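Below is one structure, written out as structure tokens; the observations come after it.
The values are calculated or read from the model by the stated rules, or taken from the named source; none is laboratory data. This is a predicted model, so every value here is computed, not measured. Cβ placement follows ideal geometry from the backbone for every residue including glycine, while neighbour counts extend to all protein chains displayed.
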Amino acid sequence: MSAVASVDEFVAALEPEQRAQVLELRRVILALPVELGEHIKWNSPSYVHGGVDRLTMNVRNREGALQLILHFGAGRPEVKGAPPVLTDATGLVRWLSDIRGVVTVPPGSAVRELEPALTSVLTSWLQIG
């Protein structure tokens, strides 16, 4: 997929099954009880909270799955192997470092099945400064 200018353009270029997953995840993210900005960064939909990119979708990975990266943008140092800054009681997040984790939605899975747990963990994540 070549570079796109908007999230709508990004979504329109996806295959139908992946498009449906991305639209569901986008709906869940935009319904969170926090103020978020949405734009394209790193060639993917990214969501800004408090002036920092905090959530970024990844649709181009080895698993062919939809992933949501939880992070603190590119400016905050991370420590791999350190305990994460958020305790995830839902079990959805696979932590890659103390400040970066990933939620994976396998191909063919419905985001709505994960919605209650996803809403809980994302709301908690975005409250961390």
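The sole residue among Leu32, Leu118 that is part of a loop (DSSP other than H, G, I, E, B), within 13 Å of the chain's Cα centre (by Cα) and among the hydrophobic types (A, V, I, L, M, F, W, C) is Leu32.
Candidates Arg76, Arg62: the one that is part of a loop (DSSP other than H, G, I, E, B) and under 27 Å from Val11 (Cα atoms) is Arg62. Report yes if some residue within the stretch 84-102 is without any contact (Cβ under 8 Å) to a residue 60 or more places away in the chain and assigned to a helix (DSSP H, G or I); otherwise report no. No, every residue in the stretch 84-102 fails to be without any contact (Cβ under 8 Å) to a residue 60 or more places away in the chain and assigned to a helix (DSSP H, G or I). If only residues of the stretch 10-34 that are modelled with pLDDT under 95 and of a type in the set (Asp, Glu) are counted, the one that is surrounded by the fewest Cβ atoms within 10 Å (Cβ to Cβ) is Glu15.
All of Gly81, Gly129 fail the test of being in a loop (DSSP other than H, G, I, E, B), touching a residue at least 60 places away in the same chain (Cβ under 8 Å), more than 28 Å from Ala3 (Cα to Cα) and over 13 Å from the mean Cα position of the chain (by Cα), apart from Gly129.
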